[in-house]
Structure formats: structure tokens, C-alpha cells
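Reading through the C-alpha cells given below for one structure.
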Amino acid sequence: MFIDWRRFFVTYYFRRSFRLSNFVLENLCKYYPDSIPRSTWEIIGRFWKLDLSFTDEFLKDKYSKFGPKPRIPSCMQHSYLLSIAFKVTSITAWATQLKLNPLYSILSGFQVDDTPGVGTFYDFFKRLWDLAE
């Protein structure tokens, strides 16, 4: 069964950070112009309301100010939590799914053609664990 996702955004559009909300909305319009299966909406609903922007602030000192621009930490965390919700237990399998399934990359906050690889996830986890020390 399919539902019109535009109704969903009218309700929840401003509950997330504006940057990510705009990104998700624009890309869902581009890649899913008609509808999304109902089975996916429960997960989308839970994650649409989840604001992880505090992760960016906590981890900003763990990233170098020089070199290539890093992935946004909140998007990395969001993506990892999505992998758990979609029952993908392997980081390797999730990195592959991000490349194959536009919905996963969009909900994570990544461009469809620019998703993180396995090493990027493990680098993120190391920085997250270093924060606890």
C-alpha cells in the first residue's frame, strides 16, 4: 500500500534541522515523485523527528580543520541508526545499501551519488568512542 508522502511533510517539516529537512524534502521529490511504500513510513516517521545536531557540536574538535571537508557527524550517526532500524547489521552491507538505495542515502542526509564508505563509518565510530574518554 502506498501513501502520499507530501501530507507527512506538512505535519513534520519543521521538527528537524532546517538544512536536513530541506535536503530530504528536495531529494524525495526528485527520486520519489509519486509515493513511498507504507511499510517504510514507520521508520521514516521515527527518524524525521530525530534531531542529532548536538553530535556535530560534540565532535567538532575531533575533526581536523585542514584537509578535505569531513562528513557531517550527525548524518553519520543518523545513517548508522537507520541501518539498525532497517535491520542491516553489517557496516559493509549498509555502505553498499547506501549506494544502491536512494531512500537510505536521502534519509541519512547524503547525496545519492556521494555516500560514505565502510572506512568512513569506522572513522566516525572511533571519533565517537574517543569522545567518551
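The values are calculated or read from the model by the stated rules, or taken from the named source; none is laboratory data. The structure presented is a predicted model; accordingly, all values stated were derived computationally and were not measured. Quick reminder, even Gly has a Cβ in these numbers, built from the backbone with ideal geometry, and neighbours come from all protein chains shown. Surface accessibility is based on the protein's heavy atoms, side chains included, excluding ligands, DNA and RNA. Shrake-Rupley method; radii C 1.70, N 1.55, O 1.52, S 1.80 Å.
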Among the residues of segment 18-47, write down those that are in a helix (DSSP H, G or I), touching a strand residue (DSSP E or B) at 6+ places or on another chain (Cβ under 8 Å) and open to solvent by 50 Å² or more (accessible area, probe 1.4 Å).
-> R38
Out of all the residues in segment 105-124, is one or more open to solvent by 40 Å² or more (accessible area, probe 1.4 Å), among the polar types (S, T, N, Q) and under 12 Å from the mean Cα position of the chain (by Cα)?
-> yes
Subset of segment 48-99 (residues that are in a loop (DSSP other than H, G, I, E, B) and hydrophobic (A, V, I, L, M, F, W, C)) = L50, L52, F66, I72, F86, V88
Filter segment 72-103 for residues that are open to solvent by 30 Å² or more (accessible area, probe 1.4 Å) and touching a residue at least 24 places away in the same chain (Cβ under 8 Å); which is farthest from the chain's Cα centre (by Cα)?
-> T92
Please state which of the following conditions Y122 fails to meet, knowing it meets all the rest: (1) part of a helix (DSSP H, G or I); (2) under 26 Å from N22 (Cβ atoms); (3) touching a residue at least 24 places away in the same chain (Cβ under 8 Å).
-> (2)
With criteria (1) modelled with pLDDT under 85; (2) within 26 Å of G119 (Cβ to Cβ); (3) within 17 Å of the chain's Cα centre (by Cα), P68 comes up short on (3)
Tell me which of these F58 doesn't satisfy, since it passes every other one: (1) surrounded by 13 or more Cβ atoms within 10 Å (Cβ to Cβ); (2) farther than 19 Å from D130 by Cα; (3) not acidic (D, E).
-> (2)
Return yes when F66 is among the aromatic types (F, W, Y) and surrounded by 11 or more Cβ atoms within 10 Å (Cβ to Cβ) and no when it is not.
-> no
